[in-house]
Amino acid sequence: MSATAKKSSQTRKTLQLVLIAVAALVLAGNFIIKSLGDDVAPAEGAEGSALATLDTLTVQDAATEDGYDREADFGSAWQDVDDNGCDTRNDMLQRDLEDFELTDGDTCEVASGTLDDPYTGETIAFERGENSGDVQIDHVVALMNAWTTGAADWDEAQRVQIANDPLNLIASDGPANMGKGARDAAEWLPENQAFRCEYIARQVAVKAKYELWVTPAEHDAMEDVLTSCPSEPLPTS
């Protein structure tokens, strides 16, 4: 064999050994990465947290929307379910607006105030009148969502309760509320990312309180948010 042929053969062997070594390193790296992944536990919520409570909710597909009627099933908006003399909308405006003022001669009706809107992060000046809709009261767990995840089997009294429960209500930007509609966590989240953990925690609290289930997609979307804030507390009111 000529010197040139020998050199070429040695080069091929060296290249083969290099390729084998590279392949071995790649395989070893993949094994190590997989092993590390197997050892890393998913985020767990502290006791009493929204994430921990999420794990207690039943997960199943949504029921049919057939038969749903907002007013017939959940009562007219808004009612005075706590018998304090104020309807629920005004109760929520008084809770969520800053520097609110009542209508002259009225102990209930909110005439004006300022909302630090949790959904958009914007500040909204509320004034009763033609622009009252600038601030709306959102059902955090939309009533249609409640209907398709268990509420269809309730009596009317329980449905009226969830429709007026402060735990399930929050004053928000009107257009944002309208944009949300009846969509769940898998389909809609607040534009204001800083509020998402609190928003999802409230949804989980409502679902837990009323023993509503979550769909697989809804559960995964909630989990995605709450794993970034595993200690987010579960609201109670």
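The values are calculated or read from the model by the stated rules, or taken from the named source; none is laboratory data. A quick note: this is a predicted structure, and the numbers were derived from the prediction, not measured. Here the Cβ is made from the backbone with ideal geometry for all residues, glycine too, and neighbour counts use every protein chain on show. Note: areas computed on protein heavy atoms with side chains; ligands, DNA, RNA excluded. Shrake-Rupley method; radii C 1.70, N 1.55, O 1.52, S 1.80 Å.
Among the candidates 91, 73, which residue alone is surrounded by 17 or more Cβ atoms within 10 Å (Cβ to Cβ), over 28 Å from residue 118 (Cα atoms) and in contact (Cβ under 8 Å) with a residue 40 or more places away in the chain? Lay out the reasoning, then the answer.
Numbers: 91 fails: over 28 Å from residue 118 (Cα atoms).
None of the others qualify; the one that does is 73.
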Contacts under 7 angstrom Cβ, first residue in the stretch 122-136 being open to solvent by 90 Å² or more (accessible area, probe 1.4 Å), partner of a type outside the set (Asp, Glu), 6 or more apart: 123/114; 127/112
Filter the stretch 95-111 down to the residues that are open to solvent by less than 60 Å² (accessible area, probe 1.4 Å), under 29 Å from the mean Cα position of the chain (by Cα) and free of Cβ contacts under 8 Å to residues at least 60 places away in the same chain and list them by number. 110
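Considering only residues that are touching a residue at least 12 places away in the same chain (Cβ under 8 Å), under 25 Å from residue 195 (Cβ atoms) and part of a loop (DSSP other than H, G, I, E, B), which ones fall in the stretch 47-61? Talk me through it step by step, then tell me what you get.
The first filter runs over the stretch 47-61 and keeps only residues touching a residue at least 12 places away in the same chain (Cβ under 8 Å), leaving 48-51, 53-54, 56-61.
Restricting the remaining residues to those that are under 25 Å from residue 195 (Cβ atoms) gives 48-51, 53-54, 56-57, 59.
Selection gives 48, 56, 57.
Out of 168, 164, which single residue is touching a residue at least 40 places away in the same chain (Cβ under 8 Å) and not aliphatic (A, V, I, L, M)? First the steps, then the outcome.
Values: 168 fails: touching a residue at least 40 places away in the same chain (Cβ under 8 Å).
Only one candidate qualifies: 164.
Need a quick list: strands (runs of 3 or more DSSP E) entirely within the stretch 78-183 having at least 1 residues that are under 20 Å from residue 237 (Cβ atoms). I'd like the intermediate steps shown before the answer.
Working: elements: 98-102, 110-116, 123-127, 135-139, 169-173.
Result: 98-102, 110-116, 135-139, 169-173.
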If we scan the stretch 108-123, do we find a residue that is closer than 25 Å to residue 205 by Cβ, aliphatic (A, V, I, L, M) and out of contact with any helix residue (DSSP H, G or I) (no Cβ under 7 Å at 6 or more places or on another chain)? no
Is it the case that some residue within the stretch 182-189 is closer than 20 Å to residue 220 by Cβ, open to solvent by 30 Å² or more (accessible area, probe 1.4 Å) and of a type in the set (Asp, Glu)? yes
Can you report the number of residues in the stretch 196-228 which are in contact with a helix residue (DSSP H, G or I) (Cβ under 6 Å, 6 or more places away or on another chain), of a type in the set (Gly, Ala, Ser) and surrounded by fewer than 21 Cβ atoms within 10 Å (Cβ to Cβ)? 1
